[in-house]
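Structure, as structure tokens:
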Amino acid sequence: MYVAVKGGERAIDNAHAWLAEERRGDTNVAELSLAQIREQMSLAVNRVMAEGSLYDPDLAALAIKQSRGDLIEAIFLIRAYRTTLPRFGYSAAVDTGAMTCDRRISATFKDAPGGQVLGPTFDYTHRLLDFKLAADGEVPQAPIAEPRMEATPHITEFLQGEDIIEREPASDATPGDLTREPMSFPAGRAVRLQSLARGDEGFILGMAYSTQRGYARNHAFVGELRIGKVPVEMEIPELGFAIEIGEVELTECETVNQFKGSKTVPPQFTRGYGLVFGQSERKSIAMALVDRALRWEELGEDNLGAAAQDEEFVLSHCDNIQATGFLEHIKLPHYVDFQSELELVRKLRREAQELAEQMATQEAAE
Amino acid sequence: MKTDISATARKAWMSLLAQADEAELASLWRGFDHDPAFDWLRPPEAGGVMVRGRMGGAGAPFNLGEMTVTRCALTLANGTVGHAYVQGRSKPKAEIAAKVDALMQTDVATDLRQAVLQPLQNRLAAQRQARAAKAAATKVEFFTMVRGED
Amino acid sequence: MPQLTETTAYGGGFSAPAQQAAQAFRAAMTALARPGTLQDIAGGSPPAGISPAAGGLLLTLCDPETGVYLAPDVDSPELRAWLAFHTGAPIVAADQADFALGSWAALMPVGQYRVGTSEYPDRSATLIVEMAQLIPATATLTGPGIKERAELRLPDVAACQANAKQFPLGVDFFFTCGGQLTALPRSTTILPKE
């Protein structure tokens with residue numbers, strides 16, 4: 001039985017009003033504009049877009065402002081918003097090979113065509129706080145060089161020549177969509193990748209790190225990491241042809257992993273794949289490692305019982321909105337549930353005490 | 001009204017309009033100064049498109065996540081139909097894009113290309129070029145250091 | 001005149017989609033929840049030959065993720081173009097369809113449509129049957145949503161009974177005529193009218 005208890009309404013309204021005030025902070029400090037968040041907190045914006053699973057920098061900036069910078073709360077807002085959008089359709093698969101790369105590095109081939117392009121990376125910074133930024137964030141223009149406008153080929157293409165790396169079988173099979181059909185297991189690689197792409201960065205990082213520390217070890221090299229924009233093309237039913245409907249920034253990571261071969265496949269390298277909205281380097285590398293670990297069965301490897309090999313474990317727990325929803329609901333009123341537990345524990349204690357008294361009486365009588 | 005519009009040509013201008021910066025498109029459109037009378041066939045509506053990627057960049061497709069898109073369709077007084085599918089949630093941007101799509105099928109196409117599409121194209125190319133130039137400056141130029149005596 | 005066809009395809013949608021789709025959805029839902037009742041449904045003007053009621057259902061229920069089968073008697077380039085613009089729904093074969101449209105005779109046999117699986121009975125087709133008239137009734141109905149007995153005009157009582165026997169599997173029906181519709185969910189028990 002549920003017993004409805006009313007009376008919190010005024011308290012809730014007042015809590016919301018105070019929340020709004022706290023979000024604004026000291027009014028002597030200038031208010032943040034969405035453009036400021038979008039331009040200067042762009043990696044937070046990227047994370048909200050990736051895990052909110054909706055590419056729209058302005059909306060992500062709004063969500064970050066509204067959530068006071070709590071990114072999981074911001075992702076929650078974006079997930080809620082996206083459910084209100086009519087789905088116009090599915091794009092053609094983006095061609096990451098045609099990406100105009102801001103960054104493109106390979107840990108496997110020094111002299112890859114297209115070169116090692118560092119882009120705007122934190123990698124070689126000293127991780128020392130820059131106190132100049134506390135006073136003034138103005139920066140000189142970055143140097144330029146002769147631009148390379150042609151497409152940069154994928155590194156794995158070079159390895160495929162010798163068949164020394166597994167091939168990705170080309171296919172136009174319609175992939176499962178976990179926003180439309182509830183996930184069931186085995187989920188298959190397409191749904192796994194969708195789930196990982198919107199999964200929590202921290203969770204996927206932890207899973208990936210566990211594989212590096214030996215739980216489902218498969219030594220991974222970053223074959224290639226690239227960041228840049230790609231056009232998105234969609235077939236328009238009323239026109240009868242496809243047009244570009246916009247452009248998205250993506251981070252793509254392809255790992256090259258050792259594989260000793262199986263009964264049917266000679267030793268060769270295998271692949272893990274990560275693709276994430278925005279500039280999300282850590283997430284895309286982690287995604288590629290977890291993708292590779294989850295492929296153990298398909299590649300005929302042993303199940304080592306590692307968490308990162310367990311599809312059900314990884315996919316059921318990587319979504320931070322599901323996780324936080326279930327976790328945080330236990331702080332909401334459970335007065336009736338708890339009352340029944342309280343009565344049960346009191347009853348058990350009473351019985352235990354009665355038993356102890358009986359024993360004591362018996363002992364005294366003997 | 002022209003009837004010999006190729007799908008390739010139309011795809012090119014619709015694609016350009018989809019990616020255009022809203023403020024820039026609006027300003028160029030005002031500069032063109034030829035706002036036609038029209039009726040809505042479909043008023044602007046915002047929606048989502050599921051973006052797909054491919055495993056390993058080349059294999060089987062999977063669903064990556066959605067992006068926001070606004071679409072609309074309208075008809076000019078002479079019956080020409082204009083469509084728009086533009087990135088983001090701006091209804092004014094979609095409206096201008098659909099008007100441009102319609103007018104590009106009429107005899108003002110040459111002027112319109114000059115006034116709106118060409119500047120958009122130039123700006124987009126310049127932006128890409130500028131980023132590519134910065135990227136090029138971060139390209140590593142390896143050189144080999146000789147170590148040891150012999 | 002390709003232009004004329006174009007304008008026909010682009011016209012005839014809801015003029016106020018949010019309200020009209022909500023009202024049409026309410027009509028469709030009430031018809032299924034109260035089998036035997038006659039519901040008004042307005043706002044859709046599909047190409048010639050299709051009832052406004054069927055048009056309103058298509059506008060309300062179809063989108064790029066619902067496959068639609070058009071029976072030979074209703075299939076036309078005009079209807080396809082209209083559906084493409086207003087719903088984006090792909091045209092599919094009968095055995096793939098989420099929705100099927102046509103007269104009873106053209107839609108048959110009923111066995112060609114998806115009836116769902118025991119895990120997912122919802123993965124089944126909904127047939128939108130264009131009727132010459134929705135009265136007088138030919139069957140008596142009992143079951144969920146019906147207080148004692150209700151009456152409904154069915155194009156083929158035996159075929160509808162056979163469908164209901166598969167419950168929880170089976171297809172669901174809308175019957176459309178002009179600006180009105182009735183519905184028969186698979187959960188309804190059907191008796192021939194005495």
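The values are calculated or read from the model by the stated rules, or taken from the named source; none is laboratory data. Please read all numbers here as calculations on a predicted model, not as lab measurements. Neighbour counts run over all protein chains shown; Cβ positions are idealised from the backbone, glycine included.
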Scan (1) within 14 Å of chain B (Cβ to nearest Cβ); (2) in a helix (DSSP H, G or I); (3) within 30 Å of A:ALA220 (Cβ to Cβ) for the single condition A:ALA44 breaks and write down its number.
(1)
What are the residue pairs meeting all of these: first residue in segment C:64-78, first residue touching a residue at least 24 places away in the same chain (Cβ under 8 Å) and farther than 23 Å from A:PHE88 by Cβ, second residue among the small types (Gly, Ala, Ser) and surrounded by fewer than 15 Cβ atoms within 10 Å (Cβ to Cβ), Cβ atoms under 8 Å, and 6 or more apart or on different chains?
C:ASP73/C:ALA105; C:VAL74/C:GLY49; C:SER76/C:GLY49
Six or more apart or on different chains, Cβ under 7 Å: which pairs go from a residue in segment B:4-22 that's part of a loop (DSSP other than H, G, I, E, B) to one that's at pLDDT 95 or above? Could you list them?
B:ILE5/B:GLN105; B:ALA20/B:LEU120
Taking into account only those residues within segment C:113-137 that are surrounded by fewer than 16 Cβ atoms within 10 Å (Cβ to Cβ) and closer than 30 Å to C:GLU194 by Cα, which is modelled with the lowest pLDDT?
C:ILE135
Would a scan of segment B:40-58 turn up a residue that is at the interface with another protein chain (Cβ under 7 Å from one of its Cβ atoms), closer than 24 Å to C:LEU83 by Cα, under 16 Å from the mean Cα position of the chain (by Cα) and not in a loop (DSSP other than H, G, I, E, B)?
yes
Can you pull out the residues in segment A:193-206 that are more than 8 Å from chain B (Cβ to nearest Cβ) and either within 23 Å of A:PHE88 (Cα to Cα) or surrounded by 16 or more Cβ atoms within 10 Å (Cβ to Cβ) (or both)?
A:SER195, A:LEU196, A:GLY199, A:ASP200, A:GLU201, A:PHE203, A:ILE204, A:LEU205
Could you figure out which of (1) within 11 Å of chain A (Cβ to nearest Cβ); (2) buried (at least 24 other Cβ atoms within 10 Å of the Cβ); (3) in contact with a Phe, Trp or Tyr (Cβ under 9 Å, 6 or more places away or on another chain) isn't true of B:LEU74?
(1)
Please give the number of the condition B:GLU95 fails out of (1) surrounded by fewer than 20 Cβ atoms within 10 Å (Cβ to Cβ); (2) among the acidic types (Asp, Glu); (3) part of a helix (DSSP H, G or I).
(1)
One residue is enough: does segment A:264-284 have a residue meeting the conditions closer than 30 Å to B:LEU74 by Cα and either charged (D, E, K, R) or in the same structural domain as A:GLY115 (by TED's automatic domain parsing) (or both)?
no
I need the helices (runs of 4 or more DSSP H) fully contained in segment A:115-217, keeping only those with at least 2 residues that are within 22 Å of B:GLY57 (Cβ to Cβ) and at pLDDT 90 or above.
A:189-197, A:201-212
Test A:PHE259 against the stated conditions and say whether it is of a type outside the set (Lys, Arg), surrounded by fewer than 17 Cβ atoms within 10 Å (Cβ to Cβ) and either facing chain B (nearest Cβ under 10 Å) or in contact (Cβ under 8 Å) with a residue 12 or more places away in the chain (or both).
no
Could you tell me how many of the residues in segment A:86-114 are out of contact with any Ser or Thr (no Cβ under 6 Å at 6 or more places or on another chain) and part of a strand (DSSP E or B)?
11
Might you check whether a residue that is surrounded by fewer than 20 Cβ atoms within 10 Å (Cβ to Cβ), farther than 28 Å from A:LEU34 by Cα and basic (Lys, Arg) occurs anywhere in segment A:99-112?
yes
Test set (1) at pLDDT below 95; (2) surrounded by 12 or more Cβ atoms within 10 Å (Cβ to Cβ); (3) not in a strand (DSSP E or B); (4) not acidic (Asp, Glu) - A:THR270 fails condition number:
(3)
